[in-house]
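To start, the structure under review is shown below, and the notes come after it.
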Amino acid sequence: MDDNFVVKRILELCEKKHMSQYELAKQAGMTQSSISTIISRGSMPRISTLEQICKGFGITLAQFFTVDGSCPDLSDEQLKAMDMWESLSGKEKIALERFVGILKDMR
């Protein structure tokens, strides 16, 4: 795998998730210049940096390197939930997280 795969994948995921590099950096807890440097230099980031980027996208490292768009190691039920999650707006995701938190507290 060449270093360009990582850059192409970051750009692909930014487009798919309608995120700017600035938004990705913010979600990943990184500076925009760090993301920009990875992309402009076409360099392979350290694993810890790549994990932060994945966190920003809300995916795992395995999902990052899965090029067919599948979610490895998920059951059909989990895949269905993921599909529903992906269709929600940011506000809807926050509301759902709060709702699930309330359900967990009721146990």
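The values are calculated or read from the model by the stated rules, or taken from the named source; none is laboratory data. It should be emphasised that the depicted structure is a prediction, and the values quoted were computed from it without experimental measurement. In this analysis, Cβ positions are derived from the backbone assuming ideal geometry, glycine residues included, and neighbour counts consider all displayed protein chains. These area figures cover heavy atoms from the full protein model, side chains too; ligands, DNA and RNA do not enter into them. Shrake-Rupley method; radii C 1.70, N 1.55, O 1.52, S 1.80 Å.
For segment 41-61, the tally of residues that are open to solvent by 30 Å² or more (accessible area, probe 1.4 Å) and in contact with a helix residue (DSSP H, G or I) (Cβ under 9 Å, 6 or more places away or on another chain) stands at 11. Among residues of segment 26-53 that are touching a residue at least 24 places away in the same chain (Cβ under 8 Å) and within 14 Å of Cys14 (Cβ to Cβ), those with a beta-carbon under 6 Å from a residue that is of a type in the set (S, T, N, Q) and in a helix (DSSP H, G or I) at least six positions away or on a different chain give the pairs Ala28/Gln52; Met30/Gln52; Ile35/Gln21. Of the numbered criteria (1) open to solvent by less than 60 Å² (accessible area, probe 1.4 Å); (2) under 16 Å from Glu86 (Cα atoms), the one Glu12 fails is (1). Only one entry of Asp83, Asp73 meets the criterion of being open to solvent by 50 Å² or more (accessible area, probe 1.4 Å), part of a helix (DSSP H, G or I) and at pLDDT below 85, and that entry is Asp83. For segment 17-37, a tally of residues being over 13 Å from the mean Cα position of the chain (by Cα), surrounded by fewer than 16 Cβ atoms within 10 Å (Cβ to Cβ) and over 16 Å from Val6 (Cα atoms) returns 4.
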